[in-house]
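Please see the structure below; I have some questions.
The values are calculated or read from the model by the stated rules, or taken from the named source; none is laboratory data. Note that the structure is predicted; figures quoted are calculated from it, not measured. Backbone-built Cβ (ideal geometry, glycine too); neighbour counts: all protein chains shown. These area figures cover heavy atoms from the full protein model, side chains too; ligands, DNA and RNA do not enter into them. Shrake-Rupley method; radii C 1.70, N 1.55, O 1.52, S 1.80 Å.
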Amino acid sequence: MATREPDKTDVLQGTLDLMVLQTLAMVGPSHGYAIAARLEQASQGSIQLNMGTLYPGLMRLEQRGWVRGRWGVTDSNRKARFYTITAAGRRQLDAEKAEWRRMTSIMHTLLSEDQ
Amino acid sequence: MNWMSALREWMKRFLETLHPSRADRELEQELRSHLEFAVEDARRGDDHPDTRIRLARIQAGGIAQTMEALRDQRGLPWLADLLADVRFGWRMLTRSPGFATVAILTLAIGIGATTAVFTVADALLLRPPPFEHSERLYWIYDTNDELRQTVNDAVGPSPGNFIDWRERNRSFDYMVAWRNWWFSVAGPSNDQMAAEQVRGVMVSPSFFDMLGVQATLGRTFRPEEEEPGRDQVAVLTDGFWRRRFGGDPAIVGRAVTIDGRPFVIVGVLPAEFYFLWPDSAVFMPMQVDAGFRSLRSSHSIAVLARTGPRVRRTDAQAELDQLSRDLAAMYPTANAGWSAALQPVFPLNRNLRPALLVLFGAVGCVLLIACINVASLLLVRAGIRRREIAVRTAMGATRGRLVRQMLTETALLAGIGSFAGLLVAGLGLRLLVPLIPEIQITRALTIGINARVFTFILGAAVLTAMVTGLVPAVRASRTERLRVSAQSAGRAPAGRVLLTIEIGLCLMLLVGATLLLQTLRNLQQIDPGFRPERVLTMQLWLPEAKYQSPTSVSAFYQEVLRRLHQFPQVSVAGLVNTRPFLGWSLGATVDIPGRVERTSGELIVGCRIITPTLLPALGIRLIRGRGLVDSDGPGTAAVALINETMARRFWSAEDPVGKSLGVRSLGSTTDAPWWPEQMADMFTIVGVVEDVKESRLNSQVEPVVYLSYLQNPSRYMHLLVRTASVPPTTVTHLVQRTIQAIDPDVGAYDPRSMEAVLDQAVAAPRLNSLLLWVFATVALLLSAAGVYGVTSYAVTQRTQEFAIRIAVGAEARSVFHMVTRQGLAVAAVGIAMGLGGALLLARFFAGVLYGVVPTDPVTLIGSAGVMLVVVLVACWRPAWRATRVDPIIVLRAD
């Protein structure tokens, strides 16, 4: 079995799902590199995903039925595997977004009381 | 919804483990294209493209690591590992077919034997009966202080008592009366078939509700159907319905004739149903009329009851005790001194439990020995695979992984061994089932592999795998030095320890088998008190409607005997109401004038109605006085014989011949069909006969009084025909035809030879003895194989040492002795352990032995001797091989 650092990967996995699904929902079908590049850009360089994190995550999303992967061709005629969000994926995205917002507002309330 | 998608993920990963849908190559392609994109992006830009490219590549990560992470996500790693282990284990086994065959065969014998014994125990003892709340069902008996000291320490309750208990109790959900007997059944008026004698059961109407049994056709009884006038309804069993009425549903609602009276069939019972008697044909309500309610002196019914949901047995018993006291106060003449006793109905065959426990222990020993043999084999094999294990450890295999992989191999062995064990069990059962003695069962004894047995096999297999594989696996996974020296294999001390255990177990089995054999011999030598050779027996029953008067009854029997005595093959024929080893007997209450009356109860003794010819027919010896003669008829003085036990009990200091005896409560106004007519109250004792064993061979004989069939005719008798020189069963047809010729309506059932009957009495101990000897033999063979294997291996390990010894001049004989001494040392320790074990477990054996104690020194020493001889024989060949070691060849090869 591959040696992993359990804590970092598991925590990241939950948010990784959300980030990838959101990206696909916003941008449409993309291949793996495009997703990683987009996330790096949108986070102004804070989020840098390497293959070892991204692709197992994408595989997992595919196994859960939230994205679908197909081989296709890029604008520059390169072969790449494109991922599309599914209807179930959109539902999951909405659910997770709602959950995230709820958590954020709770934390916000909690932390602002310190003042 | 998260759990659904998680389930989907797991399903996909499971399927992927078996067959990956995305090949590795495709995954790599995706990763490579990712890298290309990254490099391309890094190339755009002006300054230092190479650095950026390198940085981009580093940042993207490595393909190899990502592939590993992908593989972990794609399948189920632990499952993939397991499958890999199984494949590897399978390859290892097929590479050494000899080892695999021996191991599988050994395990198959162990698991198969255990399964066979478990199947029998399950069918006889463990399988729950198909009735509701069967654990709350009890028999209720009547008993008193006097009875408790005799062999038959309880009798059926009286009808009056039953009614009172039923009305006054609070502890019982249901209480029913029960009586089974033979009835003459004729079909509806248009039925051409003759009347048939069948077994029928009279029960209280709530009987079927109590058991939770419903009719498949029609209904069972209603509560009011025990009242006179409403009780002429009947329910048929499925078998009888199909056999007699052709399975015709129209029979429900029609009337049949039972014992000359019309009964309306109201229902048919389910096919698998029977309760204690497989040949019951018809059920009728037990009529409760004024006579029934007030009858307290005759103990002529059986009572079954079911306790309420949360009522404990002790509480129910306490309530019954209180009720008994109340009844004794209300009806002192009938009930003084009587109390009620509860006995659980299920599990049946409780008395078989000690024997089955012993069998289980024995078969467990065999299984353990088999496991130990296989474990030794594995240990040897692990020694041979040292190098492979060292290499694998060096390449990064963890100890846990190695152990797991070896256990998988053992599990494979155990799995295949279990399947083979199933075959062994099936074969063993086919041989075993015909030998099982007749016993009561709740349904047809279908001994087969069912779900419970299968679970047992699975458990046995897993346990076997663990026991067999753990020690070798743990030992083997210890990191060995790569540099293997000739001596480092060690002398396999673990193998020797296992061997001592094996020898110990084998010795215990040997001791057990010998003890059981002695028990069997002792039982077979018990004098039953009669001569069973060449005696045919069958049961006769005269229908009451046809034989109303006592003289017609005795006339019939006289005619039977007269005709039978004309045949040359018949030496002498006689009749008795209950024959030995029937399973039940008739009791009567006696008064002995001059005897101090105890307040605690009445004297109940066995009561036999006999013809004078019975004594010579059965071969019962007369000890004092005279036997009965034909002139002891209805008009003359009432006479009786008693047996030795009765004479000793009541007339120990004097001669009982000539004394008077009062016999009561025989066939009073009841309808108990097995009671004879009573025509006198006081009898004179004219003779004493020897004791006859009538129930169990190794139990005491009850006091018995013998009365004349002419003076107390009984419609229920057993015929005993002693043949002159031919086997008794050859005259069966002759006898049956004779009876048919006198009266075709008389039932003649169950012809057997008395020798066969007596044989049944020792059937159980014989089976136990046989089984244990089979196990002991198997264990001896396995142990011998184990000793041979371990000694051979030890010799192989010490070849160098022997070579040196021989080279410096040691005699062949001393080398031989060295090896055998080692074997004997192991044997000695094993025998000591075995003896210790046998002594420890002695008390579990006590229940199945007769005439010999579990710690019998002769048996112990003898078994130890046999064990020693076996070990010596097994050691012989390896020791001989040790002497043949050629020092030149061995030393040169080093």
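From B:Gly658, B:Gly633, B:Gly662, B:Gly619, which residue is open to solvent by less than 20 Å² (accessible area, probe 1.4 Å) and at positive phi?
On inspection, the qualifying residue turns out to be B:Gly619.
Could you list, in sequence order, all residues of region B:636-648 that are in contact (Cβ under 8 Å) with a residue 40 or more places away in the chain and either aromatic (Phe, Trp, Tyr) or in a helix (DSSP H, G or I) (or both)?
Within region B:636-648, B:Glu644, B:Thr645, B:Met646, B:Ala647 qualify.
Out of region B:267-299, which residues are open to solvent by 10 Å² or more (accessible area, probe 1.4 Å), touching a Gly at 6+ places or on another chain (Cβ under 7 Å) and not hydroxyl-bearing (Ser, Thr, Tyr)?
If the condition is that a residue be open to solvent by 10 Å² or more (accessible area, probe 1.4 Å), touching a Gly at 6+ places or on another chain (Cβ under 7 Å) and not hydroxyl-bearing (Ser, Thr, Tyr), then B:Arg293, B:Leu295, B:Arg296, B:His299 are the ones that fit.
Residue-wise test of (1) open to solvent by 50 Å² or more (accessible area, probe 1.4 Å); (2) closer than 30 Å to B:Arg166 by Cα.
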| position | (1), (2) |
| --- | --- |
| B:Pro344 | no, yes |
| B:Ile372 | no, no |
| B:Met395 | yes, no |
| B:Thr408 | no, no |
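Considering only region B:759-792, how many residues are open to solvent by 40 Å² or more (accessible area, probe 1.4 Å) and more than 28 Å from the chain's Cα centre (by Cα)?
Summing the residues that are open to solvent by 40 Å² or more (accessible area, probe 1.4 Å) and more than 28 Å from the chain's Cα centre (by Cα) in region B:759-792 gives 2.
What number of residues within region B:226-246 satisfy the criterion of being over 14 Å from B:Pro262 (Cα atoms) and free of Cβ contacts under 8 Å to residues at least 40 places away in the same chain?
Adding up the residues that qualify gives 5.
Say we look at region B:300-316 and pick out the residues that are in a loop (DSSP other than H, G, I, E, B) and out of contact with any Asp or Glu (no Cβ under 6 Å at 6 or more places or on another chain); which of these is most open to solvent (accessible area, probe 1.4 Å)?
B:Arg310
Is there a residue in region B:502-518 that is in a loop (DSSP other than H, G, I, E, B) and either crowded, with 23+ Cβ neighbours inside 10 Å or more than 24 Å from the chain's Cα centre (by Cα) (or both)?
Scanning region B:502-518 turns up no residue that is in a loop (DSSP other than H, G, I, E, B) and either crowded, with 23+ Cβ neighbours inside 10 Å or more than 24 Å from the chain's Cα centre (by Cα) (or both).
Further question on the same structure: Going by what's in this entry, would B:Arg22 be described as surrounded by 13 or more Cβ atoms within 10 Å (Cβ to Cβ) and not in a helix (DSSP H, G or I)?
Considered against the rule, which asks whether it is surrounded by 13 or more Cβ atoms within 10 Å (Cβ to Cβ) and not in a helix (DSSP H, G or I), B:Arg22 comes out as yes.
Still on this model: Mind listing whichever residues of region A:62-85 are within 11 Å of chain B (Cβ to nearest Cβ), hydroxyl-bearing (Ser, Thr, Tyr) and under 24 Å from B:Asp72 (Cα atoms)?
Answer for region A:62-85, where residues must be within 11 Å of chain B (Cβ to nearest Cβ), hydroxyl-bearing (Ser, Thr, Tyr) and under 24 Å from B:Asp72 (Cα atoms): just A:Tyr83.
Could you check how many residues of region A:21-61 are among the hydrophobic types (A, V, I, L, M, F, W, C), within 10 Å of another protein chain (Cβ to nearest Cβ) and not in a helix (DSSP H, G or I)?
Number of matching residues: 1.
Step by step: first the residues of region B:584-597, then only those that are outside any strand (DSSP E or B) and open to solvent by less than 50 Å² (accessible area, probe 1.4 Å), then the one that is farthest from B:Thr613 (Cα to Cα). Which residue is that?
The qualifying residue farthest from B:Thr613 (Cα to Cα) is B:Ile592.
Enumerate the pairs (first residue in region B:560-583 and assigned to a loop (DSSP other than H, G, I, E, B); second residue anywhere and among the polar types (S, T, N, Q)) with beta-carbon separation below 6 Å, excluding pairs fewer than 6 apart on the same chain, so at least 6 apart or on different chains.
Between residues of region B:560-583 that are assigned to a loop (DSSP other than H, G, I, E, B) and residues that are among the polar types (S, T, N, Q), the close pairs are B:Gln569/B:Thr723; B:Asn577/B:Ser714; B:Thr578/B:Ser585; B:Arg579/B:Thr537.
Among the numbered criteria (1) modelled with pLDDT under 90; (2) surrounded by fewer than 15 Cβ atoms within 10 Å (Cβ to Cβ), which single criterion is violated by B:Asp259?
The one condition B:Asp259 does not meet is (2).
Which residues, counting only those in region B:840-893, are in contact (Cβ under 8 Å) with a residue 60 or more places away in the chain, among the hydroxyl-bearing types (Ser, Thr, Tyr) and open to solvent by 20 Å² or more (accessible area, probe 1.4 Å)?
Listed by number, the residues that qualify are B:Tyr850, B:Thr883.
Among the residues of region B:1-41, write down those that are in contact with an Asp or Glu (Cβ under 9 Å, 6 or more places away or on another chain) and more than 8 Å from chain A (Cβ to nearest Cβ).
B:Arg22
Restricting attention to region B:53-76, does a residue exist that is in a helix (DSSP H, G or I), more than 14 Å from chain A (Cβ to nearest Cβ) and surrounded by 15 or more Cβ atoms within 10 Å (Cβ to Cβ)?
Yes, the conditions are met somewhere in region B:53-76.
Further, regarding this structure: Look through A:Val73, A:Val20, A:Val67, A:Val11 and report the one residue that is exposed (fewer than 15 other Cβ atoms within 10 Å of the Cβ) and at pLDDT 90 or above.
Among A:Val73, A:Val20, A:Val67, A:Val11, only A:Val73 is exposed (fewer than 15 other Cβ atoms within 10 Å of the Cβ) and at pLDDT 90 or above.
Any idea which residue in region B:42-52 is nearest to the other protein chains (Cβ to nearest Cβ), counting only those that are assigned to a loop (DSSP other than H, G, I, E, B) and open to solvent by 60 Å² or more (accessible area, probe 1.4 Å)?
The residue in question is B:Arg44.
Further question on the same structure: With the structure loaded, tell me whether B:Asp85 is buried (at least 16 other Cβ atoms within 10 Å of the Cβ), closer than 30 Å to B:Leu367 by Cα and among the acidic types (Asp, Glu) or whether it fails that test.
yes
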